[in-house]
1. Sorting check: for 379-392, 93-106, which peptide has the highest mean count of neighbouring beta carbons within 10 Å, and how do the rest follow?
2. May I ask you to give the solvent-accessible area per residue for the chain, in square angstrom, as obtained with a 1.4 angstrom probe?
3. Kindly flag which residue pairs out of LYS84/LYS327; LYS282/LYS523; LYS91/LYS475; LYS463/LYS510 have an alpha-carbon separation exceeding 28 Å in this structure.
4. Can you give me the % of accessible surface on the range 48-417 that is carbon or sulfur? Probe 1.4 Å, all protein chains present, nothing else counted.
5. What order do you get for 125-136, 441-452 when each peptide is scored by the mean count of other beta carbon atoms within 10 Å, highest first?
6. What is the Å³ per residue value for the convex hull set by the Cα atoms of the chain?
7. Using only Cα atoms, tell me the angle between helix 165-176 and the longest principal axis of the chain; keep it within 0 to 90° and round to the nearest 10.
8. If the viscosity is 1.002 mPa s and the temperature 20 °C, what Stokes-Einstein diffusion coefficient in µm²/s follows for the range 393-459 when Rh is the Kirkwood radius over Cα pairs?
Amino acid sequence: MTRILRPAGRLAVAALLAGTALATATAAIAAGSAATVAVQADHPGAVIAPAIYGQFAEHLGTQIYGGIWVGPDSPIPNIRGYRKDVVEALKNLHVPVVRWPGGCFADEYHWRDGIGPKDRRPVIVNTNWGGVEENNAFGTHEFMDFSELIGAGTYVNGNLGSGSVREMADWVAYMTADNHGTLVQERRANGRDKPWTLNWFAVGNEVWGCGGNMRADYYADLLRQTRVFLKPGAGQPTKFIAVGPSDDDTAWTETIMARAGKEIDALSMHYYDVASFNMVPKGTWAKKGSATEFGEAEWFASIFGAYQIGTYISHHSAIMDKYDPEKRVALVVDEWGTWHDPTPGSNPGFLQQQNTLRDAVVAAISLNIFHAHADRVRMANIAQMVNVLQAMILTDGPRMVLTPTYHVFDMYKGFQGATSLPVTVTGPDYSQGGRAVAAVSASAGRGTDGVIRLALTNVDPNKAAPVQVTLAGLKAGKVTGRILTAPAMNSDNTFDHPQTVVPAAFSDAKLSGDTVSVTLPAKSVVVLELK
Ligand code: AHR
């Protein structure tokens, strides 16, 4: 049997997640087959930045138009044009930050097209996503207003590919300055007196691809040049993000950190979990695999892909540690999630896909990995928020449904701002087709409310997983929990049946002294709270 997680299979992952020696995991595995999860509350780690629960909202398909913005005259209930049901669902998630306007769209977006009276805004063509017309009704003011409405921080992605340094510099000043300059006068004339808060600004997107097909050295120079002219207004918290690697492209990380590491606050990383890429033999981008019609081989491939991001983060972090041992520069995973074939019958350029229990399990594993790397990974933005790829929310005209992934984000929201606690997972594998991953994925944190939260996922779709949790440095008197599971691997929520995959109370965890005994049902995500 091949263990797929290099270099030493899942032992390496267990040790990696825990930040402890490989030997610990090895010894425990030899001792027995039930999973053990050792939580070290007496060795607190880094704070889990709330922004790890960030979202990505590109002008793509029906995300902005229809999914978020319907306009104030729409029969769909709305607040100043933003659909009410979506706003309420997002508020419930405590969305910490939204990335906008792309994605590939960002490097063709000229911000001046999206300000001023709506009837005078130009119509452009969204050449990346379906060639549809874009009337620019949703621009800078609408994005900022929307972010304020849902209580989220702001992440604006600048246009380096087809824009200019001046265009980016003006945009930053337009959003953030408070003076009598012409840009600020213009903003005021357009209805906004005070500057908005701009939390993050990126210099381009995927410049190695749709953002300009650049080499790393060339980009590093442009980045250094551009950065000089980006001057947020006084008191702004704006952090500047450089385009980072895709997947495991460590050469890109090395070059940007070496040439421009001192000029930036963060390096972005993109990773998509494409089932066909994780199959043996490997499939193609053209046929990624159905979002809903799949068997256990595809389930395993997606789970494998979810674990893979931990390996890649470790590789990039190791390089960043070389140039930035104090960890000043954040690694931001500003695009991540599953990418399946588009929903049959939909516009393939709209990247619309259904979301099942499989996507929920992928989300849980990924979030556990981000928690384990909280010292370096300080923002992550799932792709994407509404109606695109691994979305939280799907809409169809006036109807809306919350996806299984939404429910994972809801169950995990207590981890926002928590102090991460080291976790060592040992125990059985989940095997398929001669390959294996850890059957149980876990993470833990002490919340800002003092509650210890323990996230446990059983990735095996066939077998329950008995788990013994040991708690070092913690006295708890009570354990409660919530579970997300469903009858089938591909169970989903549809507009007609929106409650198939929803969280339920979980009372099967037993606390005795410093041990919690729990049996995780097959293919389930559980979050326990210890008080
Ligand atoms: O999320 C969809 C696309 O994937 C983004 O626009 C791009 O940055 C990435 O390739």
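1. Top of the packing list down: 379-392, 93-106.
2. 36 Å²
3. LYS84/LYS327; LYS91/LYS475
4. Answer for the range 48-417 is 53 percent, counting heavy atoms of protein chains only.
5. 441-452, 125-136
6. Measuring per residue, one finds 141 Å³ for the Cα hull of the chain.
7. Result, in degrees: 80.
8. Rounded to a whole number, D works out at 148 µm²/s.
The values are calculated or read from the model by the stated rules, or taken from the named source; none is laboratory data. All values derive from a computational prediction rather than experimental measurement. With ideal geometry, Cβ positions are generated from the backbone for all residues, glycine too; neighbour counts draw on all protein chains shown. To get the accessible areas, we keep the full protein, side chains included, count just its heavy atoms, and leave off ligands, DNA and RNA. Shrake-Rupley method; radii C 1.70, N 1.55, O 1.52, S 1.80 Å.
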